[in-house]
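Engineer: Structure in structure tokens, see below.
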Amino acid sequence: MPKYIVAIDQGTTSSRALVFDQKGAMIQMEQQEFKQHFPHDGWVEHDPLEIIESQKKVLLNAVDNAGITWNDVAALGVTNQRETALGWNKITGEPCGNALVWQDQRTKKYCKELSIHQEMVGAKTGLVIDTYFSASKFRWLLDNSEKAKEWAAKDELCLGTVDAWLLWNLSDGKVFATDVTNASRTLLFNIHTLDWDDELLDLFGISRSMLPEVHASDHCFAHFMGAPIHSVMGDQQSALYGQLCWEKGQSKNTYGTGCFMLMNTGKEAHKSEHGLLTTIAWKSKNEVYYALEGSVFVAGAAIQWLRDGLELIGNASETEELAMSATSDDVYVVPAFAGLGAPWWDMETKGAVLGLTRNSDKAELVKATLESLAFQTNDVLDAMNKDCGEELTVLKVDGGACANNYLMQFQADILNVNVERPKQIESTACGVAYMAGIACDLWTSSDVQTFKGNDRYFIPSMDQEMRRKKLEGWKMAVNCIRGWKPA
Ligand code: ADP
């Protein structure tokens, strides 16, 4: 009986593959970074062939190095960087150029022109018209890639997100498909009818025949080396599933390059009045779950700025001790390096450091930068609470920066909510692994619920007056920089 599950985790900076045993323990992980291309200011690209080559290599190595064979693999799951858009030829599989990564802002002007349609687009997709999502990137490829133009004219063009590209290649060009979570990030998918939407396709000038078939997240998408690919979810949705936020009202926050908070809102698509996105959490066992999502663009990236931009630290983990040694509470860093995400969606604002005195040193700056992750998370959670009318009691966390104990304690203090850090912080890979394991009947849902142990709870302990003062300071700092618009 095959009894291992393999998760493919195709991220923004690396391709990874993880092997889970029958008890849900991760027994092997392989990872390979790939090149980020920045051809112009604001442009971010990946080479689609490098994505597939690195992904296949880590996948084969992970199974080999786990000491198992492909006959032992019960199922695979795929999770991926969302929104990144690419095109390829239906017959040859040749890409029409590099993939336009979610961070890419080259379509800013085009998105601004379309903003008059926000009401219609928002009602259908739950999103805002922004460069971040795939549709304007598909449009760019159609307008600028000679190959895309030629293939589109001959009806030989496939447009897709990274999951579709992986499925296509892992199935040797037999399967052109995506799942509802990835589709829900394109701006072309109606999250209520669960289909590509003609009005949206017209708006962006994209024809339905260029797009993949959309399936439930736990569909049997394809086979690789004889094993079924039995789940596909975008990375943040997969992390929500992997954190076992299966019930309405449960939330997780991922502290990676950016921060992504998602709250399961059950079977109802909840429209945000406070700058959050409505998205599909997953469709499994024929039921659709929705989520509210708030994204913070710069989180761990601010720690990278301390390391690479300012050279104040040698590596990210030093920030914990430095923050604890700081003596002042009055410095604020607003890392709006790429504008401000939810709940502001203000792309013009720039970053700032406020509250410096002659005594402010490296420790204060590091502490204030770490704290900015927690303040931004608090802003998103505030918006979620207002939208849902319910107060969260526990926040589940994951992602690289959640290893930082100073940050997690400060987060609990500022939110005034318990923060729960699992032992297994690879929630993204866990999500599709758990879903695939359930879909292929290796596990039941109750089995999966026994897999996760907690590493640590952070319980709020900050004095309420101090909390009020810190929150007020942050609010003033944000207002201050939002008002700063030099010519
Ligand atoms: P991504 O998946 O977005 O690449 P990860 O989840 O791997 O991100 O997290 C990496 C990010 O977390 C980096 O931006 C790094 O600066 C930050 N980070 C890693 N460890 C720590 C730490 N101990 N304290 C603070 N930040 C950290």
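Values in this text are rule-based calculations from the coordinates and carry no lab data. Everything quoted here is computed from the prediction, not taken from an experiment. So basically every Cβ, Gly included, is an ideal-geometry build from the backbone, and we count neighbours across all protein chains shown.
Engineer: Taking amide H positions as placed 1.01 Å from N in the peptide plane, with prolines and chain starts having none, which residues 5 or more places from His215, or on another chain, fall under 5 Å of its amide H?
Structural biologist: Amide H neighbours of His215, under 5 Å, 5+ apart: Thr178, Asp179, Val180.
Engineer: In degrees between 0 and 90, to the nearest 10, how far off the longest principal axis of the chain does helix 405-415 point, with axes built from Cα atoms?
Structural biologist: So the inclination is approximately 80 degrees.
Engineer: Which entries of Lys112/Lys396; Lys108/Lys285; Lys23/Lys56 have Cα-Cα distances beyond 27 Å here?
Structural biologist: Lys112/Lys396; Lys108/Lys285
Engineer: Next up: Under 16 Å from the Cα of Lys475, which lysines turn up, not counting those fewer than eight places away in the same chain?
Structural biologist: Lys350
Engineer: Hey, another quick one. Using Cα pairs closer than 8 Å and at least 6 residues apart in sequence, work out the relative contact order for the chain, in percent.
Structural biologist: It rounds to 14 percent for the chain.
Engineer: Would you mind computing, in nm to one decimal, how far apart the modelled labels at Asn479 and Leu60 are, each placed 7 Å from Cα along Cα→Cβ?
Structural biologist: 6.0
Engineer: OK, next. Quick one: length gained pulling Lys267 to Lys362 fully straight, 0.36 nm per residue minus the C-alpha distance?
Structural biologist: Length difference between fully extended and current span is 29.5 nm.
Engineer: Label Glu213 and Trp345 with points 7 Å out from Cα along Cα→Cβ: what is the distance between them in nm?
Structural biologist: 3.4
Engineer: A further question follows. By its C-alpha gyration tensor, with a ≥ b ≥ c as the square roots of the eigenvalues, how is segment 93-251 shaped: rounded for a/c under 1.5, else prolate for a/b larger than b/c, else oblate?
Structural biologist: oblate
Engineer: While we're looking at this one, here's another question. In whole percent, what relative contact order does segment 73-175 give with Cα contacts below 8 Å and a gap of six or more residues?
Structural biologist: 37
Engineer: Excluding same-chain residues fewer than 8 positions from Lys452, which aspartates and glutamates have a Cα within less than 20 Å of its Cα?
Structural biologist: Straight-line reach from Lys452, under 20 Å: Asp9, Asp21, Asp235, Glu247, Asp398, Glu420, Glu426, Asp441.
Engineer: Using only Cα atoms, locate the centre of segment 1-74 and the centre of segment 228-278, then give the distance between them in Å, rounded to an integer.
Structural biologist: Distance between centres, Cα-based: 22 Å.
Engineer: Turning to a different aspect of this structure: Would you calculate the separation in nanometres between label points at Ile27 and Asp463, each defined as 7 Å from the Cα along the Cα-to-beta-carbon direction?
Structural biologist: 5.3
Engineer: Note down the relative contact order for segment 1-120 as a percent, whole number, built from C-alpha pairs under 8 angstrom at least six residues apart.
Structural biologist: That works out to 29 percent.
Engineer: Grab the Cα-Cα distance for Glu53 and Lys90, subtract it from 0.36 nm times how many residues apart they are, and report the gain in nm with one decimal.
Structural biologist: The Glu53-Lys90 span can extend by a further 11.4 nm.
Engineer: Same structure, new question: With θ set to phi - 60°, apply the Karplus curve 6.51 cos²θ - 1.76 cosθ + 1.60 along segment 221-232 and write out the HN-Hα couplings as whole Hz, x wherever there is a Gly or Pro.
Structural biologist: The phi angles translate into 6, 5, 10, 10, 6, x, 9, x, 8, 10, 7, 9 Hz.
Engineer: Kindly identify segment 303-391 as rounded, prolate or oblate by the Cα gyration tensor criterion: order the square roots of the eigenvalues as a ≥ b ≥ c, call it rounded if a/c is under 1.5, otherwise compare a/b with b/c, prolate if a/b is larger, else oblate.
Structural biologist: prolate
Engineer: Moving on to the next point. How far is helix 464-482 tilted, in degrees, relative to the longest principal axis of the Cα atoms in the chain, given as a value from 0 to 90 rounded to the nearest 10?
Structural biologist: The angle comes out at about 70 degrees.
Engineer: Straight-line reach from Lys154: which lysines fall under 28 Å, measuring Cα to Cα and dropping same-chain residues less than 8 apart?
Structural biologist: Lys90, Lys137, Lys174
Engineer: Cα axis of helix 362-388 to longest principal axis of the chain: angle in degrees, 0 to 90, nearest 10?
Structural biologist: 60
Engineer: Can you tell me the FRET efficiency between Thr327 and His192 if r is taken as the Cβ-Cβ distance and R0 is 51 Å, rounded to the nearest 0.05?
Structural biologist: Using R0 = 51 Å, I get an efficiency of 0.45.
Engineer: At a Förster radius of 30 Å, what calculated FRET efficiency corresponds to the Cβ-Cβ distance of Thr69 and Ser14, to the nearest 0.05?
Structural biologist: 0.75
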